[in-house]
Amino acid sequence: MRPSIIFVFLLLCQSLFAAPKSLPVPGGIIVLPLEDNVTSVTFLNKRAALFKEKGRIYAVLPVPLTVTPGVYEVLLADKKLKIEIEAKEYAVQRLQIKNRRKVEPAREDLVRITKERSRKQKAKSFRSPGFADLDFIWPTTGRISSPFGLKRVLNGRPKAPHRGIDIAAPEGREVFAAADGIVVDAGDFFFSGNLVFIEHHGGVVTTYAHLQKIVVKPKSIVRKGELIGFVGKTGRVTGEHLHFGVMIDSIYVDPLLFLPTRQPSIYTSEKLSKISSGSAKRETIPPEG
Ligand SMILES: [Zn+2]
């Protein structure tokens, strides 16, 4: 199949369900419908997350921010499929961080940062079997102060791109689990401040950073809409906000592709209890292969 034909096909598939949305660009995702017998899909050596929608199985492939636009192969069991990754330019964002040590870490900070990097890597690559739960809710409410993918220059120094979205919200506003999952790690990190990792099956992990306070423990099971912490300004920040990230097989992708288009104006306890009790019972697992 020619790449252009595949692209049209992807767009057609996209109209069948609300989320997640296919966007074949660096930092985006590709959503592919699968034959029933396909349980393993890989793209650029990364494993896709599988999810079920109205009885049909789909794969979500993460496209790393670092990928050069072009034609790439998707491995579906013994088949290969060509996919075209299009270009996307992300804007540059220059920020001034008051705490200089968070931009130019001291020697003792570097020891801590190195340790935390491997701890983060472990949490990011956690994968429990089963279909991913991708029916996300907004983890808190507020305007998006920084979108995903911005090329960041902090205090005049080029740094890693922005690998999540920032939701500006007052300190103390509740933060909720975006979907059912397991808390794979939670704690205080040098750059991310108080940070929670939740895995939603199939290698889909969400992160919630700069929290004022964390109210869940590692290894606990959380339901969609369950309180996990409060908005804060811990770690490397310019002010209070929630940094929300989404990863598939440890590759950061744009969270907006997974969130409902409209954000609720405010979460009420009544609304949240409806969300939690309404979250569907988990489907049984396809064999890992
Ligand atoms: Zn952020």
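The values are calculated or read from the model by the stated rules, or taken from the named source; none is laboratory data. No experiment lies behind these values; they were computed from the predicted model shown. Backbone-built Cβ (ideal geometry, glycine too); neighbour counts: all protein chains shown. All accessible areas refer to the heavy atoms of the entire protein, side chains included, with ligands and DNA or RNA removed. Shrake-Rupley method; radii C 1.70, N 1.55, O 1.52, S 1.80 Å.
Say whether the condition of being farther than 28 Å from His201 by Cβ, of a type in the set (A, V, I, L, M), part of a loop (DSSP other than H, G, I, E, B) and more than 16 Å from the ligand (Cβ to nearest atom) is met by at least one residue in the stretch 104-126.
Looking for residues that are farther than 28 Å from His201 by Cβ, of a type in the set (A, V, I, L, M), part of a loop (DSSP other than H, G, I, E, B) and more than 16 Å from the ligand (Cβ to nearest atom), one finds at least one in the stretch 104-126, hence yes.
Return the residues of the stretch 83-103 that are part of a strand (DSSP E or B) and either of a type in the set (Val, Ile, Thr) or modelled with pLDDT of 95 or more (or both); say none if nothing qualifies.
Answer for the stretch 83-103, where residues must be part of a strand (DSSP E or B) and either of a type in the set (Val, Ile, Thr) or modelled with pLDDT of 95 or more (or both): Ile83, Glu84, Ile85, Val92.
Select the strands (runs of 3 or more DSSP E) contained entirely in the stretch 139-181, then report the ones holding at least 3 residues which are in the same structural domain as Phe244 (by TED's automatic domain parsing), within 17 Å of the chain's Cα centre (by Cα) and surrounded by 17 or more Cβ atoms within 10 Å (Cβ to Cβ).
Ranges flagged: 165-167.
Quick one: count up the residues across the stretch 50-78 that are farther than 30 Å from Lys233 by Cα and surrounded by 11 or more Cβ atoms within 10 Å (Cβ to Cβ).
20
Take the stretch 205-252 and flag every residue that is open to solvent by less than 10 Å² (accessible area, probe 1.4 Å), away from the ligand (no atom under 12 Å from the Cβ) and under 21 Å from Ala160 (Cβ atoms).
Scanning the stretch 205-252 gives Val205, Thr206, Leu211, Val246, Met247, Ile248.
Among (1) under 26 Å from Asp180 (Cα atoms); (2) assigned by TED's automatic domain parsing to the domain that holds His200; (3) not basic (Lys, Arg), where does Asn99 come up short?
(1)
Regarding Val196, is this residue within 16 Å of the ligand (Cβ to nearest atom), over 18 Å from the mean Cα position of the chain (by Cα), assigned by TED's automatic domain parsing to the domain that holds Asp249 and not in a helix (DSSP H, G or I)?
no
Would you confirm whether any residue within the stretch 224-236 is modelled with pLDDT of 95 or more, of a type in the set (A, V, I, L, M) and part of a strand (DSSP E or B)?
Yes.
So, in the stretch 127-150, of the ones that are over 20 Å from Tyr58 (Cα atoms) and among the small types (Gly, Ala, Ser), which residue ends up nearest to the ligand (Cβ to nearest atom)?
Here the answer is Ser146.
Would a scan of the stretch 205-216 turn up a residue that is closer than 30 Å to Phe43 by Cβ, among the hydrophobic types (A, V, I, L, M, F, W, C) and modelled with pLDDT of 95 or more?
yes
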